[in-house]
Structures are given as structure tokens and as C-alpha cells.
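Please treat every number below as a calculation from the coordinates, not as lab data. This one's a predicted model, so the numbers in the text were calculated from it and none came from an experiment. A quick note on method: Cβ atoms are made from the backbone with ideal geometry, for glycine too, and the neighbour counts reach across all protein chains shown.
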Ligand code: GDP
């Protein structure tokens with residue numbers, strides 16, 4: 001995919017504020033600090049479009065980006081930020097779930113996990129929700145550059161077994177590993 005333009009459109013929480021046209025969308029999900037902004041920025045080849053921040057939980061809203069004037073990336077709020085007040089946590093997950101459940105033009109959900117860690121309870125809940133609701137999704141294990149080949153192989157096996165899937169895409173935002181493969185999957189979803 002050749003990126004000719006990538007622009008931040010808006011942040012929103014509830015449906016009344018989501019963009020109203022039928023442009024296809026790809027959503028990015030994962031727990032806070034998993035490397036979601038870095039992954040989005042590395043896919044687009046830009047720095048700082050999706051805010052890479054070391055402060056977990058800063059991305060509290062759904063962020064919409066228009067790519068090549070043709071499709072949108074939607075950066076969903078990171079979950080599992082332990083320090084967030086309960087009410088805020090509930091609001092984030094409700095808005096994200098509402099988006100995933102209702103959004104008709106959503107062609108793919110990219111579920112990002114950290115290749116170093118065992119998926120969390122919330123990761124599993126999200127995965128089961130996506131499977132149960134027949135939502136097209138893809139698991140991407142990022143930060144792979146932080147592991148040796150051996151550790152990576154073992155961890156990916158574990159991720160695949162926890163999620164009961166064969167398909168885990170290995171990614172590194174730093175090394176751009178998996179970038180072409182991920183774009184391939186995105187393009188396929190946009191065409192179908
Ligand atoms: P977000 O909260 O999910 O958006 O996470 P960020 O993209 O802000 O990343 C969290 C931290 O992990 C930052 O310090 C990033 O530099 C780092 N990080 C993200 N992706 C990678 C990666 O692929 N490799 C390495 N080595 N570090 C990464």
C-alpha cells in the first residue's frame with residue numbers, strides 16, 4: 001500500500017459523533033501501552049500521527065484517521081489501565097463495544113498483543129467477543145524485536161494456544177517487521 005495521505009479526522013466517544021459516511025474502516029484494539037500508536041504510525045510511515053505516549057491510558061477516545069482519502073483507521077481506547085477510575089473504564093469499554101457491535105463499515109479489527117506477555121483476561125474477553133459476534137479480526141503480536149528468536153517462537157505458540165488460533169502475525173514497529181503482511185491483510189479486507 002502506498003500512503004499518499006494520512007490525516008487525523010476527529011476524536012469521539014459515542015455514535016452521534018462518529019463520522020457519518022460509509023467509508024470502510026479498520027479498527028485497532030489492545031491494552032494500554034501495548035504499542036498501538038507505534039504500530040499505526042509505523043504502518044503509515046509517519047511519526048506522531050497516532051500519539052505514541054509512555055503514559056498509559058492517555059488515548060481515551062475513539063480516534064478516526066482518513067487514509068488516502070479512501071478508508072479510515074480507528075484507534076480504539078486502550079483497555080486495562082489499572083489506575084483509571086472505574087466509571088471512566090466502564091465508559092471506554094462501553095463505547096468501544098458499541099462501536100464494534102454497531103459499525104457497519106468496519107471491515108477488520110486488529111487486536112494487538114505484546115509478544116512478550118501472556119494475553120490478559122481482557123485480551124481473552126475481547127477475542128471471545130469478536131469470535132462470538134463473527135467480527136473479522138486479526139491478532140498481531142508486537143514488540144517482537146524485544147525477544148530472541150527462541151523466546152519469540154515460544155511466546156507466539158503460547159499466544160496462539162491461548163486464543164485457540166493458528167493465525168498470529170508477528171510485528172515490530174521499531175524494525176517494521178510484519179508491516180507488508182499486515183498491509184496485505186488490510187488491503188484484502190478493504191477489497192472484500
Ligand atoms: P500505546 O499506548 O498502545 O499506543 O503504546 P505506544 O505505541 O505508545 O508504545 C508504548 C511503548 O512501547 C513506547 O515506549 C514505545 O516506544 C514502545 N514500543 C511500541 N512498539 C514497539 C516495538 O515494536 N518495539 C519496541 N522495541 N518498542 C515498542
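Results, tabulated for the structure shown:
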{"item": "Protection-proxy order for peptides 103-112, 6-15, 28-37, each taking the mean of Cβ atoms within 10 Å per residue, highest first", "result": "28-37, 103-112, 6-15"}
{"item": "Mean ellipticity per residue at 222 nm, deg cm²/dmol - from DSSP H runs of n ≥ 4 across the chain, formula -39500 (n - 2.57)", "result": "-11000 deg cm²/dmol"}
{"item": "Gap separating the Cα centres of segment 166-182 and segment 119-144, nearest whole Å", "result": "16"}
{"item": "Peptide ranges 127-136, 162-171 listed from the most packed, as the mean C-beta count within 10 angstrom indicates", "result": "162-171, 127-136"}
{"item": "Whether segment 6-191 is rounded, prolate or oblate, judged on the alpha carbon gyration tensor where a/c under 1.5 counts as rounded", "result": "rounded"}
